[in-house]
Amino acid sequence: MRPTPNAGILDIAPYVGGKSTAKAGVRVVKLSSNETPLGASPAAIEAYKEAAGNLHRYPDGSATKLRETIAEVYNLPSGQIVCGAGSDELIGLLIHAYVKADDEVLISEHGFLMYKIYAQSVGAKVIFAPEKNLRTDVDAILKAVTEKTKIVFIANPNNPTGSYISASEMKHLHDNLPKNVILAIDDAYSEYATPDDYSDGSELVKTSENTVMLRTFSKIYGLSALRLGWMFAPAHIIDAVNRIRGPFNISTPAISAGIAAIRDTGFTQRTKEFNRKWLDWLNTEITKLGLTVHPSIGNFLIVEIPVEKHTAYYANAYLLERGLIVREVVNYGLPNCLRISIGLEEDNKAVVSALKEFLSK
Ligand code: PMP
């Protein structure tokens with residue numbers, strides 16, 4: 001006899017993060033986890049260091065100053081914000097508060113995998129709605145709603161596809177969802193978005209009782225190592241999540257660095273502009289190689305490797321040999337694709353050269 005986990009737990013395929021090591025002896029360029037190549041704001045790093053003097057004290061369990069700073073910068077009410085150890089933790093808390101065994105969680109076909117993993121952890125059924133051209137199809141989502149649906153997760157822009165849905169598509173989805181279903185808009189890459197018809201989830205949160213917006217400090221703010229995310233939601237959902245989260249779920253260094261990072265709007269703007277420039281450049285240059293690049297508004301893009309000649313598996317291995325770590329996305333149902341995060345100028349150029357060499361072989 002030995003302890004056994006709950007039904008379904010051992011059926012979960014664990015989340016596989018982006019690789020961070022390549023062959024010994026080659027310079028490693030990590031382009032596999034959608035991190036920013038520009039690092040965190042110097043002000044955030046300084047604030048992190050200053051927090052070292054207070055490590056013997058528990059953090060402020062309600063992260064009041066951080067919530068107030070987010071509220072000020074994003075013009076939102078601080079009482080409707082909750083912070084988490086990465087947005088991952090908030091996805092989990094939301095599911096634990098609202099979803100039980102045999103309920104359904106609805107996700108787009110190539111949606112971010114942590115929604116599935118947390119849903120499975122409570123014994124819920126995960127329903128995937130088909131996409132068109134690697135893009136969330138809101139009507140397919142609506143068609144898949146049943147009486148058992150509890151949460152619909154939409155990453156906007158989505159990881160790994162980089163595609164987005166417009167503000168009017170999101171509104172159409174919300175308008176037609178039953179009012180007891182949560183629409184969770186995961187805006188992890190929102191700060192990178194530039195299209196005019198894009199908007200983050202905040203307006204829908206303000207005007208409804210069933211929409212939440214998830215955000216992270218891991219992407220444009222460059223604080224992935226600290227684990228920090230936040231959710232803006234109606235007060236009744238914040239209340240439910242606060243009841244089940246750990247009392248000190250985010251650390252003092254994360255709070256301090258987060259406040260400084262979000263205040264350094266100049267740094268964020270420069271990172272956004274850098275990303276736009278190199279996203280466009282990579283898109284153009286990889287397209288010139290004859291490969292299909294799917295339109296992305298995040299800090300990464302998806303490239304299709306033609307199966308008849310080569311496969312994504314071999315392309316990945318070829319890049320890896322040269323220290324260029326990108327991401328295979330087989331587990332997202334995209335076996336012919338690679339996801340490449342935007343890197344520094346020399347890294348982006350190295351990716352294009354290596355892909356060119358690979359294709360000419
Ligand atoms: N949502 C999406 C769409 C993501 O891509 C990621 C990071 N891979 C997360 C949430 C989680 O981010 P974190 O937990 O670092 O805040």
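The values are calculated or read from the model by the stated rules, or taken from the named source; none is laboratory data. What you see is a predicted model, and the numbers here were worked out from it, not measured in a lab. Note: ideal-geometry Cβ built from the backbone for every residue, glycine included; neighbour counts use all protein chains shown. Surface accessibility is based on the protein's heavy atoms, side chains included, excluding ligands, DNA and RNA. Shrake-Rupley method; radii C 1.70, N 1.55, O 1.52, S 1.80 Å.
I'd like to check something: does segment 140-149 contain any residue that is open to solvent by less than 10 Å² (accessible area, probe 1.4 Å) and among the aliphatic types (A, V, I, L, M)? Even if it seems obvious, please write down each step before you answer.
Step one: filter segment 140-149 for residues open to solvent by less than 10 Å² (accessible area, probe 1.4 Å), giving 141, 149.
When the remaining residues are screened for being among the aliphatic types (A, V, I, L, M), the result is 141.
Within segment 140-149, one or more residues are open to solvent by less than 10 Å² (accessible area, probe 1.4 Å) and among the aliphatic types (A, V, I, L, M).
Restricted to segment 8-52, and to residues there that are outside the structural domain of Pro253 (by TED's automatic domain parsing), more than 28 Å from the chain's Cα centre (by Cα) and of a type in the set (A, V, I, L, M), the residue that is least open to solvent (accessible area, probe 1.4 Å) is Val26. Among the conditions (1) over 23 Å from Ser296 (Cβ atoms); (2) under 13 Å from the mean Cα position of the chain (by Cα), the only one that Tyr164 does not satisfy is (1). If the condition is being buried (at least 20 other Cβ atoms within 10 Å of the Cβ) and assigned to a loop (DSSP other than H, G, I, E, B), then segment 123-139 contributes Ala124, Leu134, Thr136. Selection of segment 141-163 for residues being in a helix (DSSP H, G or I) and basic (Lys, Arg) yields only Lys143.
Yes or no: segment 164-173 includes at least one residue that is assigned to a loop (DSSP other than H, G, I, E, B), in contact with a Phe, Trp or Tyr (Cβ under 6 Å, 6 or more places away or on another chain), within 16 Å of the ligand (Cβ to nearest atom) and in contact (Cβ under 8 Å) with a residue 12 or more places away in the chain. Even if it seems obvious, please write down each step before you answer.
First, pick out the residues of segment 164-173 that are assigned to a loop (DSSP other than H, G, I, E, B): 164-166.
The next check asks that each one be in contact with a Phe, Trp or Tyr (Cβ under 6 Å, 6 or more places away or on another chain); those that pass are 164.
Remaining after also requiring within 16 Å of the ligand (Cβ to nearest atom): 164.
Narrowing the set further to residues that are in contact (Cβ under 8 Å) with a residue 12 or more places away in the chain leaves 164.
Scanning segment 164-173, I find at least one residue that is assigned to a loop (DSSP other than H, G, I, E, B), in contact with a Phe, Trp or Tyr (Cβ under 6 Å, 6 or more places away or on another chain), within 16 Å of the ligand (Cβ to nearest atom) and in contact (Cβ under 8 Å) with a residue 12 or more places away in the chain, so the answer is yes.
Between Val212, Val293, the distinction of being in contact with a Leu (Cβ under 6 Å, 6 or more places away or on another chain), part of a strand (DSSP E or B) and not basic (Lys, Arg) belongs to Val293 only. Considering each residue of segment 113-122 in turn, at least one proves to be under 15 Å from Ile154 (Cα atoms), within 16 Å of the ligand (Cβ to nearest atom) and without any contact (Cβ under 8 Å) to a residue 12 or more places away in the chain. All of Leu76, Leu94, Leu55 fail the test of being of a type in the set (A, V, I, L, M, F, W, C), under 19 Å from the mean Cα position of the chain (by Cα) and modelled with pLDDT of 95 or more, apart from Leu94. Scanning segment 14-58 for residues that are out of contact with any strand residue (DSSP E or B) (no Cβ under 7 Å at 6 or more places or on another chain), of a type in the set (A, V, I, L, M, F, W, C) and more than 16 Å from the ligand (Cβ to nearest atom) yields a count of 9.
Pairs linking a residue in segment 217-239 that is of a type in the set (D, E, K, R) to a residue that is within 11 Å of the ligand (Cβ to nearest atom), with Cβ atoms under 6 Å and 6 or more positions apart or on different chains, are Lys219/Ala188; Lys219/Tyr189; Arg227/Ala85; Arg227/Gly86.
So which residues in segment 297-315 are open to solvent by less than 10 Å² (accessible area, probe 1.4 Å) and not β-branched (Val, Ile, Thr)?
The initial filter retains those residues of segment 297-315 that are open to solvent by less than 10 Å² (accessible area, probe 1.4 Å), namely 298-303, 305, 312, 315.
Correct list: Gly298, Asn299, Phe300, Leu301, Ala312, Ala315.
Against the definition (open to solvent by less than 60 Å² (accessible area, probe 1.4 Å) and hydrophobic (A, V, I, L, M, F, W, C)), how does Leu55 come out, yes or no?
So Leu55 does not fit the description; no.
Scanning segment 219-254 for residues that are within 12 Å of Ala85 (Cα to Cα) and buried (at least 23 other Cβ atoms within 10 Å of the Cβ), we see that the one that is nearest to the ligand (Cβ to nearest atom) is Gly229. Pairs are defined by a Cβ separation below 7 Å, a sequence spacing of at least 6 or placement on different chains, a first member in segment 69-85 that is assigned to a helix (DSSP H, G or I), and a second member that is within 15 Å of the ligand (Cβ to nearest atom); the pairs so defined are Thr69/Ile262; Ile70/Ile81; Ile70/Trp230; Ile70/Ile262; Ala71/Ile81; Val73/Ile262; Gln80/Phe232. Within segment 90-107, is there a residue that is within 15 Å of the ligand (Cβ to nearest atom) and open to solvent by 30 Å² or more (accessible area, probe 1.4 Å)? For segment 90-107, residues within 15 Å of the ligand (Cβ to nearest atom) and open to solvent by 30 Å² or more (accessible area, probe 1.4 Å): absent.
Of the residues making up segment 194-218, those that are away from the ligand (no atom under 12 Å from the Cβ) and either buried (at least 21 other Cβ atoms within 10 Å of the Cβ) or within 13 Å of the chain's Cα centre (by Cα) (or both) are Gly201, Leu204, Val205, Asn210, Thr211, Val212.
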